[in-house]
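Worksheet: the structure to be examined is printed underneath.
The values are calculated or read from the model by the stated rules, or taken from the named source; none is laboratory data. These figures come from a predicted structure and were not determined experimentally. Don't worry about glycine lacking a Cβ; one is built from the backbone with ideal geometry, like all the others, and counts go over all protein chains shown.
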Number of protein chains: 4
Amino acid sequence: MSSIYGKLFSVSTWGESHGEAVGAVIDGCPAGLPLSEEDIQQAMDRRRPGQNTLVTPRKEADKVHILSGVFEGKTTGTPICLAVWNENQHSKDYTEMMNWYRPGHADLTYDLKYGFRDYRGGGRASARETLARVAAGAVASKILKLACGTEILSWVESVGTVTSNVDASKVTLEAVEASPVRCPDPEASEKMAKAVAEAKFAKDSIGAVLALDIRKPPVAVGEPVFDKAQAVLGGALLSISAVKGFEIGEGFHAAELHGSENNDVIRFEDGKYRTLTNHAGGILGGITNGETIHCRIAFKPTATIAQEQETAGRDHQNGTLAARGRHDPCVALRAPVIVESMAAIALVNLFLEQRARKLF
Amino acid sequence: MSSIYGKLFSVSTWGESHGEAVGAVIDGCPAGLPLSEEDIQQAMDRRRPGQNTLVTPRKEADKVHILSGVFEGKTTGTPICLAVWNENQHSKDYTEMMNWYRPGHADLTYDLKYGFRDYRGGGRASARETLARVAAGAVASKILKLACGTEILSWVESVGTVTSNVDASKVTLEAVEASPVRCPDPEASEKMAKAVAEAKFAKDSIGAVLALDIRKPPVAVGEPVFDKAQAVLGGALLSISAVKGFEIGEGFHAAELHGSENNDVIRFEDGKYRTLTNHAGGILGGITNGETIHCRIAFKPTATIAQEQETAGRDHQNGTLAARGRHDPCVALRAPVIVESMAAIALVNLFLEQRARKLF
Amino acid sequence: MSSIYGKLFSVSTWGESHGEAVGAVIDGCPAGLPLSEEDIQQAMDRRRPGQNTLVTPRKEADKVHILSGVFEGKTTGTPICLAVWNENQHSKDYTEMMNWYRPGHADLTYDLKYGFRDYRGGGRASARETLARVAAGAVASKILKLACGTEILSWVESVGTVTSNVDASKVTLEAVEASPVRCPDPEASEKMAKAVAEAKFAKDSIGAVLALDIRKPPVAVGEPVFDKAQAVLGGALLSISAVKGFEIGEGFHAAELHGSENNDVIRFEDGKYRTLTNHAGGILGGITNGETIHCRIAFKPTATIAQEQETAGRDHQNGTLAARGRHDPCVALRAPVIVESMAAIALVNLFLEQRARKLF
Amino acid sequence: MSSIYGKLFSVSTWGESHGEAVGAVIDGCPAGLPLSEEDIQQAMDRRRPGQNTLVTPRKEADKVHILSGVFEGKTTGTPICLAVWNENQHSKDYTEMMNWYRPGHADLTYDLKYGFRDYRGGGRASARETLARVAAGAVASKILKLACGTEILSWVESVGTVTSNVDASKVTLEAVEASPVRCPDPEASEKMAKAVAEAKFAKDSIGAVLALDIRKPPVAVGEPVFDKAQAVLGGALLSISAVKGFEIGEGFHAAELHGSENNDVIRFEDGKYRTLTNHAGGILGGITNGETIHCRIAFKPTATIAQEQETAGRDHQNGTLAARGRHDPCVALRAPVIVESMAAIALVNLFLEQRARKLF
């Protein structure tokens, strides 16, 4: 525990990298949502490795199966079990992991916590775990899309020290997916691709920052005081492996500002309240005000690298390790759909909770 | 909802700025913990306003009362109700709030969510809500201190664009409390105090960044995959009003690094595993490795400022508002003990959960 | 833990018999509910001891105070703290409890669990704990009443071996409250009063069964499979001290029937589905069908009795104890409002949860 | 929702009668527990239909698969996904269910709640759902067995009006399984078998009462005040389809007793506290005292019967229905292992929670 997330739209994930399968059970999905395997597969395919030379060359079909909870094309309100079979395990690549702790990875801490671990391919701490998040996230996104018109979009904003420059409100999914590094700024995209290729050539890896826009979010969601929308979103996104930082609106930059600069002027126009600027990132007092929710998420460089590193092992030995296997030089490149998925799962929980109590 | 935080050490907070009282109920505190009102009052006093000219001049005794759960000086294992009576309400200062929405504040979104609000002094969204967090946090801190020797310390690292320079591992509570802005770097402290005074004079406010060190944390706590230690800590800290960003370890800086730079070498020495550096900030794979947990938290400038701002009101009118009342020009100056409290509450939950399943 | 009940309408109770106060915090009450202390006090007064010679002669005003969450006569959507100050403690009556374990009581098990206990007046295990349930239940009842027209009514059906005979659908609150034993069958009421008086005279106590009717319940509430309406109601009612059994509909009698006898014929009439009989007690498949929910709840005789009993003590001594103090000879007589309260709290949670997901 | 049960040992179940599979995900199982598919299969086989002429003749292999969470024969602390593939669906038997609501069944209420339903074989409300409970229960039972020596045993105590007479403390699993109706009293067993056969011949069904003994339970578990051990056990058992009543210890009979009869004398002997009798059923003040926990559970007669019954349908029509398909004339005969499973899951949650806070 806790591989279960969410109070009203609960996602219970399971599975190890080299076990039989990975999957998720969604408990609490509203009945009557049109849902097919194809709806989910589209998201899965965006996460899939092997798409170009900048990501791991592993070939994984990652075909999702709906095992329950959907009947005649619609959700029934009962639990939806989603499963993806593991196919492409190269167990022989991972034998060293049994004895050595990769620096920056969960090997050591899993042993400290559980006494031992499934060391094959990272076991539960493998990036394959995110498959389950994406599958469940596709369902959450569809609910928000149909119920509120919400659109959730994430892209790569910087890689290493290479930054991009775009008008966030104009970024499209097409522009993101057209870039091999999922950066919608073509010039920056080219430089980022070069930085990733260099890291890979050097048997190294590199970090990145993702942007996240939630457009037309449900209004008035977020539960003061502990489940403020930014706290729930931040907690959800920080649970993704390799995430080291989260910002909402101006984020750390807000700490450098004066109130007169950071406050957004409120205006009543065309029958609703708007803000003239959006330094707040769409959330005030922990509750969405209807403006676009804007976040930034920092990913560290992939921990597993092919160059030799000093480390220790489970028999208390000290020595060196050069990780074998096929690893992404920049995990963040495949992460936009994962970020979107966790945001959707977090937000749909707040949305359902807000509906529950709208009574008097 | 949700004013309840935590699965095993649950803190249920309540109270509005100008209601009868604010308080917290702790459900799940282990029995046998020595606890007195004095233990808690020490933390309360660090949060209290009116300590110098840089914080709000409101005088609040903020005396905590233990109403249940402690008998003969020890916790009984039953719920601990902690209450602070509200004394110093100047209702007349706040009448404008009924009709106007302060920019950057929760006034608008509370009305959107609940249909109306207790507008007196910010109601539930007032900074007085944090009193309850501090009271409960003092209990959580004492548990961690007695059970693991854990020490939690937060301080102001930057105010506006003024930054400090300290060796985090050497910072002491005394040094922090000796500074009027709670920055243990004396030179920076002086500049920060000036920046805050200037903001105040300009009827404005200013943001700040806090550092947080958790020394000798419980080892092997954090629950993969959704309750990773950084996700739980981040979610807890992002629930504090005015927090806009959270980092663990290298944080956003990690996104600029290569894996070979960011990974920490693991070494087995003196009977335990250590890392030679601590870029990870004490957490790997969502589980604590025993190194100091290091975080940074960004606070926006206080939303309520005395200068005139454009805004709208509850009857759909547009106009201007100059907030009256006494407000901190920099909320972050009183926030270190709040940050420490939320970190303690988050961590004690993970600590108790880890104990539950250590069986075979 | 767990002194917190409910996922969406959470009730966090606190307080010991001889501490400062007892109370409850409600987190998640919908905003806009008209609510006054008087609304709650009416329920409190039905639970109050000292009403006649058949219940404990202790005089307790049990005046409820709303400390937060209500503004200008309506709930604000923020936590509602309800408190009752303890006034009438006779500490001297309870000193023996420190050393001896009363048979049938929680004294021994609290010591086993927590290492020690607040022995004054039963501490947390005192019947005063139910004050908090009744206070919160009054709020839950009002929500169900206003939103669905639901009426919840409980009464004494049997005391010892004295049973009553009424048409459940015709029982009124007035008839129940007119009886000193809260039994709406006047003839049985008289016999029951005699049985209670005899038990009291014999320094003994006596058990009873309560009936519970929930009329015009919300339809389609109950969450398969673990939160079936009967499971949630049963769990809530079995958490009341002294309850030893729970039945829904035909209950244990259903085990003696054939399917052809126990099934209720469904008929579509006047625009809705009805059942011609109600053996099921208003719930099918864990979901309410709109018929009256009917339950029965068994209360054991009060454990604390004035006659001498063999028992053991905390220093491992064996001996005898004759409890002093003033105790109800039949706890069930004051229990109808407690039963109604827990039923309301359980049901309002299911009602809010059902609302959350009614989307497509 | 809620198909998830339990706070620390969480069981998330999924699957419909005629979908791909049914299963459970266990989140929070302690690491290091020896576990094989065979361990679980033994329990599954006790639940399986087709064992003799008194239960449904459907043949279901019900072979369990462990898809995650076990490595080299031991649990890893990560989620355990258990799945059973559905094989023997006779879809043609169930077409009438689409249009008609079976009396006593969930057909109507699922339509009221969700707007439509998977009508094949009862869908989610099918007895196949209990497969997931039994699979997860086998894991819970093994934890309690290894950690505390706990033995959990359930048997049929009465069928219709036929009752049995045994010394509960002497009942063995062997004796239970030797009876075709799972009643360890050979004489009563024969009469019960006859009663079930008669009901079957009459195209009818019959109810039953199960006994449940939990021997050598963990001591001091149960969380006052809402998660008292009897409340948690009762809630869990009442969530099993067809259960209409629950008793602990003397149960409803306690309501007929005097305190002097019902209280159990406490005695300190051989280094521990015991009670000379066990009217309480092993729980005092909601906390286990170490004595055997004894419960009784009432099952109604199977709702689906082959004889013609009046009912209504989803197009508002009234008429008659004679259910086709193969149904148990007495669901309770296969229920002992289901009852044991839910008791184990409930108890292991309380056991883990008690461990979490044993600190000072």
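In the set (1) touching a strand residue (DSSP E or B) at 6+ places or on another chain (Cβ under 6 Å); (2) among the β-branched types (Val, Ile, Thr); (3) over 30 Å from residue B:298 (Cβ atoms), residue B:152 fails one condition alone, (3). Scanning the stretch D:314-343 for residues that are of a type in the set (Asp, Glu) and within 16 Å of the chain's Cα centre (by Cα), we see that the one that is surrounded by the most Cβ atoms within 10 Å (Cβ to Cβ) is D:340.
Within the stretch A:100-110, none of the residues are polar (S, T, N, Q), more than 8 Å from chain B (Cβ to nearest Cβ) and over 29 Å from residue A:27 (Cα atoms). Within 25 Å of residue D:327 (Cα to Cα) and either more than 7 Å from chain D (Cβ to nearest Cβ) or part of a helix (DSSP H, G or I) (or both) - does that describe any residue in the stretch C:231-241? Checking the stretch C:231-241: at least one residue is within 25 Å of residue D:327 (Cα to Cα) and either more than 7 Å from chain D (Cβ to nearest Cβ) or part of a helix (DSSP H, G or I) (or both). The set of residues in the stretch C:184-204 that are assigned to a loop (DSSP other than H, G, I, E, B) and within 13 Å of chain D (Cβ to nearest Cβ) comprises C:202, C:203, C:204.
Per-residue answers, yes or no, for (1) surrounded by 24 or more Cβ atoms within 10 Å (Cβ to Cβ); (2) within 12 Å of the chain's Cα centre (by Cα); (3) within 27 Å of residue D:17 (Cα to Cα):
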residue: C:212; (1), (2), (3): yes, yes, no
residue: C:216; (1), (2), (3): no, no, no
residue: C:226; (1), (2), (3): yes, no, yes
residue: C:229; (1), (2), (3): yes, no, yes
residue: C:237; (1), (2), (3): yes, yes, no
residue: C:240; (1), (2), (3): yes, yes, no
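Every condition in (1) over 22 Å from residue C:245 (Cα atoms); (2) in a helix (DSSP H, G or I) holds for residue D:169 except the one numbered (1).
The residue list B:245, B:319, B:271, B:251 contains one member that is of a type outside the set (Ser, Thr, Tyr), closer than 27 Å to residue D:76 by Cβ and at pLDDT 95 or above, which is B:271. If the condition is being assigned to a loop (DSSP other than H, G, I, E, B) and farther than 18 Å from residue B:262 by Cα, then the stretch A:205-218 contributes A:216, A:217, A:218.
Would you say residue D:180 is more than 7 Å from every other protein chain (Cβ to nearest Cβ), surrounded by fewer than 23 Cβ atoms within 10 Å (Cβ to Cβ) and out of contact with any strand residue (DSSP E or B) (no Cβ under 8 Å at 6 or more places or on another chain)? The answer is yes for residue D:180.
Between residues in the stretch A:7-23 that are more than 7 Å from chain D (Cβ to nearest Cβ) and residues that are part of a loop (DSSP other than H, G, I, E, B) and surrounded by fewer than 24 Cβ atoms within 10 Å (Cβ to Cβ), which pairs lie under 6 Å by C-beta distance while being six or more apart or on different chains? Between residues of the stretch A:7-23 that are more than 7 Å from chain D (Cβ to nearest Cβ) and residues that are part of a loop (DSSP other than H, G, I, E, B) and surrounded by fewer than 24 Cβ atoms within 10 Å (Cβ to Cβ), the close pairs are A:17/A:126; A:18/A:89.
Small (Gly, Ala, Ser), on the phi > 0 side of the Ramachandran plot and buried (at least 24 other Cβ atoms within 10 Å of the Cβ): does that describe residue C:271? Against the criterion (small (Gly, Ala, Ser), on the phi > 0 side of the Ramachandran plot and buried (at least 24 other Cβ atoms within 10 Å of the Cβ)), residue C:271 does not qualify. Applying the set (1) modelled with pLDDT under 95; (2) buried (at least 24 other Cβ atoms within 10 Å of the Cβ) to residue A:26 leaves exactly one unmet item: (1). Across the stretch C:205-222, a minimum of one residue is classified as within 14 Å of another protein chain (Cβ to nearest Cβ), of a type outside the set (Ser, Thr, Tyr), touching a Phe, Trp or Tyr at 6+ places or on another chain (Cβ under 6 Å) and within 30 Å of residue D:117 (Cα to Cα). Please verify whether the stretch A:115-125 includes one or more residues that are surrounded by fewer than 20 Cβ atoms within 10 Å (Cβ to Cβ), out of contact with any Leu (no Cβ under 8 Å at 6 or more places or on another chain), within 14 Å of chain B (Cβ to nearest Cβ) and closer than 16 Å to residue B:285 by Cβ. Yes; the residues of the stretch A:115-125 include at least one that is surrounded by fewer than 20 Cβ atoms within 10 Å (Cβ to Cβ), out of contact with any Leu (no Cβ under 8 Å at 6 or more places or on another chain), within 14 Å of chain B (Cβ to nearest Cβ) and closer than 16 Å to residue B:285 by Cβ. Taking the criterion of being at pLDDT 95 or above and outside any loop (DSSP other than H, G, I, E, B), the residues of the stretch A:101-123 that qualify are A:107, A:108, A:109, A:110, A:111, A:112, A:113, A:114. When the residues of the stretch D:4-23 are narrowed to those that are of a type in the set (D, E, K, R) and in contact with a helix residue (DSSP H, G or I) (Cβ under 8 Å, 6 or more places away or on another chain), which ends up surrounded by the most Cβ atoms within 10 Å (Cβ to Cβ)? In this case the residue turns out to be D:16. Being closer than 30 Å to residue D:198 by Cα and at pLDDT 95 or above is a description that does not apply to residue C:232.
Those strands (runs of 3 or more DSSP E) of the stretch B:247-358 in which at least 1 residues are more than 7 Å from chain A (Cβ to nearest Cβ), considering only elements entirely within it, cover B:266-269, B:272-275, B:293-299, B:318-321. What is the residue count in the stretch B:137-177 for residues that are of a type in the set (Asp, Glu) and within 13 Å of another protein chain (Cβ to nearest Cβ)? Total satisfying the criteria: 1. Is it the case that residue C:280 is crowded, with 24+ Cβ neighbours inside 10 Å and closer than 30 Å to residue D:6 by Cα? Yes; evaluated as a whole, the condition is true for this residue. On inspection, residue A:145 qualifies as closer than 28 Å to residue A:62 by Cα and of a type in the set (Lys, Arg).
Among residues that are modelled with pLDDT under 95 and of a type in the set (Ser, Thr, Tyr), residue C:304 is included. Given the criteria within 14 Å of chain B (Cβ to nearest Cβ), outside any helix (DSSP H, G or I) and not hydrophobic (A, V, I, L, M, F, W, C), does residue D:32 qualify? Yes. In the stretch C:205-250, the qualifying residues are those that are of a type in the set (D, E, K, R) and in contact (Cβ under 8 Å) with a residue 60 or more places away in the chain, and the one that is farthest from residue D:246 (Cα to Cα) is C:216.
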